[in-house]
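Have a look at the structure below, then the notes.
The values are calculated or read from the model by the stated rules, or taken from the named source; none is laboratory data. Since the model is a prediction, treat every value here as computed from it, not as a measurement. Heads up, the Cβs are rebuilt from the backbone with ideal geometry, glycines too, and the neighbour counts pull from every protein chain shown. These area figures cover heavy atoms from the full protein model, side chains too; ligands, DNA and RNA do not enter into them. Shrake-Rupley method; radii C 1.70, N 1.55, O 1.52, S 1.80 Å.
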Amino acid sequence: MIVAFSVSTNMPNTDGSVHEAVAAAVQVVRDSGLPNNTSSMFTEIEGEWDEVMEVVKRATEAVAAYGNRVSLVLKADIRPGHTGELTGKIDRLQKALERSHG
């Protein structure tokens, strides 16, 4: 499965940013050893249900240390029997774009 999630706290830094809290969450994901990708708005992680959800839980707990309230947005693509989809989906998309534009 692939999970795309965004986790943040309600307590921004003095500049209005939550980057320190988000960095703590991303570090948990990277330390997990699971395939992952971080963009400006979401972090994606790929693996089995229990291992992915455990990482999301630990990332959420890491953010909780920065405030008294945490917001978590999560979207999951559950496709049993498929692995490597974190990059596989992008590869197929790129090929489709190349076919449609010459």
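The table below lists the values:
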read-out	value
10 Å binning of all Cα-Cα separations within the chain, expressed as whole percents from 0 upward	15, 42, 26, 13, 4, 0
Where the chain is the region considered: accessible area per residue in Å², 1.4 Å probe	67
Within the accessible area of segment 1-98 (1.4 Å probe), percent carbon and sulfur	54
Nearest 10 degrees, 0 to 90: helix 85-100 Cα axis against the chain principal axis	50
Dipole-positive endmost among LEU97, ILE2, ALA21 within segment 1-98 (Cβ charges, Cα centre)	LEU97
√(5λ) per eigenvalue of the Cα gyration tensor, segment 53-102, largest first, Å	35, 14, 8
Extension gain (nm, one decimal) between MET41 and ALA4, 0.36 nm per residue minus Cα-Cα	12.4 nm
Helix 49-64 vs. the chain, principal-axis angle (Cα, 0 to 90°, nearest 10)	30
Reach of LYS89 by Cα under 17 Å, taken over aspartates and glutamates that are not fewer than 8 positions away in the same chain	GLU44, GLU46, ASP77, GLU98
